[in-house]
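Chemist: Got a structure for you, questions after.
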Amino acid sequence: MAETYNDVQLASDLRMVITRLIKKLRSKSTTSASLSLTERSTITLLDQHKELMPTELAAMEKITTQSMSQILNHLLELGYINRKISDTDKRKAIISLSKAGQNVLYKARNERDEWLNKALAEICSTKEQEILRRAITPLTKLVDYD
C-alpha cells in the first residue's frame with residue numbers, strides 16, 4: 001500500500017510542479033499576453049501544420065466549431081492568420097499563419113526560452129542541469145502517452 005501512495009504522490013507532485021512551471025513560463029512572455037491559451041495553441045498548430053480547415057483546428061483543440069470560429073475571427077482581426085477559400089470546395093476555408101502571427105509566436109517562444117535559460121544557469125548546478133537533461137526523455141514519453 002505504501003508503494004501505491006508513493007506512486008500517486010509522485011504523479012501529484014509532478015503534475016503540480018509542471019503546472020506551476022507552465023504558468024510561470026506563460027507569465028514571462030509579454031508578447032502573447034493578450035491571447036488566450038486556445039488562441040496561442042491555435043497559432044502553434046498552424047505553425048506546425050501550415051494549413052488547416054477550421055473544423056480540423058476545432059477537433060485538435062477539442063472545442064466546438066463555433067468557438068473556433070470566434071477564435072479565428074479574433075486572430076484574423078489581429079492579422080495573425082490568413083483565410084482563403086479552398087480551390088476544390090468553395091464552401092471550405094483554409095487557415096494559415098500570417099507572417100505577423102509567426103513573428104508573435106517566435107517572439108513569445110524566445111522570451112520564454114531566454115527566461116528559462118537564465119533561470120537554469122543561475123539556480124541549477126551543473127549536476128541538476130544534467131538531471132533535467134536526462135528527464136526530458138521520460139517526460140516526452142508521458143506527453144506522447146494516450
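Any read-out appearing in this document is the output of simple, stated calculations on the displayed coordinates, not a laboratory observation. No experiment lies behind these values; they were computed from the predicted model shown. Quick reminder, even Gly has a Cβ in these numbers, built from the backbone with ideal geometry, and neighbours come from all protein chains shown.
Chemist: Which FRET efficiency value, to the nearest 0.05, do you get for ASN103 and VAL8 by plugging their Cβ-Cβ distance into 1/(1 + (r/R0)^6) with R0 = 41 Å? Display every interim value, and only then the final one.
Modeler: Details: r = 43 Å, r/R0 = 1.05.
Efficiency, rounded to the nearest 0.05: 0.40.
Chemist: Modelled label-to-label distance, THR30 and ALA59, 7 Å Cα→beta-carbon offset: nm?
Modeler: 4.1
Chemist: What distance in nm separates the two pseudo spin-label positions at LEU142 and ASP89, each 7 Å out from Cα along the beta-carbon direction?
Modeler: Between LEU142 and ASP89, the simple spin-label model gives 3.9 nm.
Chemist: Taking 41 Å as R0, compute the FRET efficiency from the Cβ-Cβ separation of GLU77 and LYS127 and round it to 0.05.
Modeler: Details: r = 49 Å, r/R0 = 1.19.
E(calc), rounded to 0.05, equals 0.25.
Chemist: Return a whole-number percent for the relative contact order of the chain, with Cα pairs under 8 Å and 6 or more residues apart as the contact set.
Modeler: Working: 108 pairs, mean separation 34.1, N = 146.
Relative contact order, the chain: 23 percent.
Chemist: For LYS28, list the aspartates and glutamates whose Cα falls under 19 Å from its own Cα; do not include residues on the same chain fewer than 8 positions away.
Modeler: Reachable aspartates and glutamates: GLU39, GLU111, ASP113, GLU114, GLU122.
Chemist: Let me ask something additional. Mind checking the angle between helix 126-144 and the chain's longest principal axis? C-alpha axes, 0 to 90 degrees, to the nearest 10.
Modeler: 50
Chemist: Pairs LYS84/LYS118; LYS23/LYS50; LYS84/LYS107: which are spaced more than 32 Å apart, C-alpha to C-alpha?
Modeler: Working: LYS84/LYS118 41 Å; LYS23/LYS50 27 Å; LYS84/LYS107 25 Å.
Over 32 Å Cα-Cα: LYS84/LYS118.
Chemist: If you don't mind, there's one more thing I want to ask. Mind listing the long-range amide H neighbours of MET53? Cut-off is under 5 Å, sequence gap 5 or more, other chains count too, H placed in the peptide plane at 1.01 Å from N.
Modeler: Placed amide hydrogens put ILE95 under 5 Å from MET53.
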